[in-house]
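The values are calculated or read from the model by the stated rules, or taken from the named source; none is laboratory data. Owing to the predicted nature of the structure, the values given are computational and were not obtained by experimental measurement. Positions of Cβ are backbone-derived with ideal geometry, glycine not excepted, and every protein chain shown enters the neighbour counts.
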């Protein structure tokens, strides 16, 4: 009432104009954000919790869910089940759950266009990728902040750049076509791009290529004198995949193409690569991956040489670390009865950068003999990966991050037919 009286006196102009101006500003703030000044006693908790202000109401809406709830959902937000924490918790106006650390928890149908969960611990199946549409209460992630690239559709500036990876690295490899004499070292670069296969689909697709340059000082594989030509390769990979939302079966299939220019001329080979695993609570998964040759080709070096991909079969265990880091270990065999051991590793470096390493070693069944030395095959690589406009930790935990790396000489091994 006293405030109303002061406004009445301002209308009659008995107060100084500076005082009236300040009163007008206070009045506008009070009218614009009434929810900030209100509190409500929660029946689920034991204290006072601030009610949502207007911008939260417009973005979030509300349903009856308790605070400190752990929501288990698929990443598209179409299904969302909640188990109530034992300690209860606070609840905001209209039943919207609230957590003192995570803030307001949005409804599934109010997610960003791709349905990413907001920051916080929501249990299995929810990545740290993104948040509600920009302008809502959160546009970041708990692993380092997607907000730097915030745009009109969430935490990526351009939708088509959501899952593009550009990489550059070094590699070394050796196989039977090197005759037990040559080892190949050089550089590789390329990109891997993936996306959702149809709106609200559980399936993604990926397309990528890798260019490889090796043997800058030539080789002596076939002749007793130096051959001064380098070795150049091009790998193409394309296919479909599905990542499990939290727990369950996941896998995919891709086709790998190799164009290889070496001492035998140029050859073109193809293989099908598959992976199937069971994921447990986004913590680890176990499964199988394999590569099956589909085409062979013929080169020429003093005589015709027929080459084909080596069939590979391996069982693996993959451990998932915080914010997208993974390590996978495998062991298996080839179609010729050789042994196979290898690993790969991905480590997010923050702000769009990640480091990836891999190796694969074929243990020949003629081990300890000259034939074994010729048949020995291995590949090792290290590369720096850049995700334009996107944090690496967000991308590595995205359900549409490419499941397969673009093929290289560690997973596309070549032998004589």
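Numbers at a glance
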| item | result |
| --- | --- |
| Residue within region 188-196 that is at pLDDT 65 or above, crowded, with 21+ Cβ neighbours inside 10 Å, under 18 Å from the mean Cα position of the chain (by Cα) and more than 30 Å from residue 417 (Cα to Cα) present | yes |
| Residue within region 177-185 that is part of a strand (DSSP E or B), crowded, with 19+ Cβ neighbours inside 10 Å, in the same structural domain as residue 255 (by TED's automatic domain parsing) and at pLDDT 90 or above present | yes |
| Matching entry among 202, 269, 258, 279 (being modelled with pLDDT under 90 and surrounded by 15 or more Cβ atoms within 10 Å (Cβ to Cβ)) | 202 |
| Condition check for residue 399: in contact with a helix residue (DSSP H, G or I) (Cβ under 6 Å, 6 or more places away or on another chain) and either in a helix (DSSP H, G or I) or modelled with pLDDT under 95 (or both) | no |
| Selection within region 297-320 - modelled with pLDDT of 95 or more, outside any strand (DSSP E or B) and surrounded by fewer than 19 Cβ atoms within 10 Å (Cβ to Cβ) | 311 |
| Set 251, 324: member being closer than 23 Å to residue 387 by Cα, surrounded by 15 or more Cβ atoms within 10 Å (Cβ to Cβ) and touching a helix residue (DSSP H, G or I) at 6+ places or on another chain (Cβ under 6 Å) | 324 |
| Members of region 330-348 found to be within 21 Å of the chain's Cα centre (by Cα) and under 20 Å from residue 380 (Cβ atoms), listed by number | 330, 343, 344, 345, 346, 347 |
| Positions within region 206-226 being surrounded by fewer than 17 Cβ atoms within 10 Å (Cβ to Cβ), over 25 Å from residue 273 (Cβ atoms) and free of Cβ contacts under 8 Å to residues at least 40 places away in the same chain, in sequence order | 216, 217, 218, 220, 223, 224, 225, 226 |
| Any hit, region 352-367, residues being in contact with a strand residue (DSSP E or B) (Cβ under 7 Å, 6 or more places away or on another chain) and in a loop (DSSP other than H, G, I, E, B) | yes |
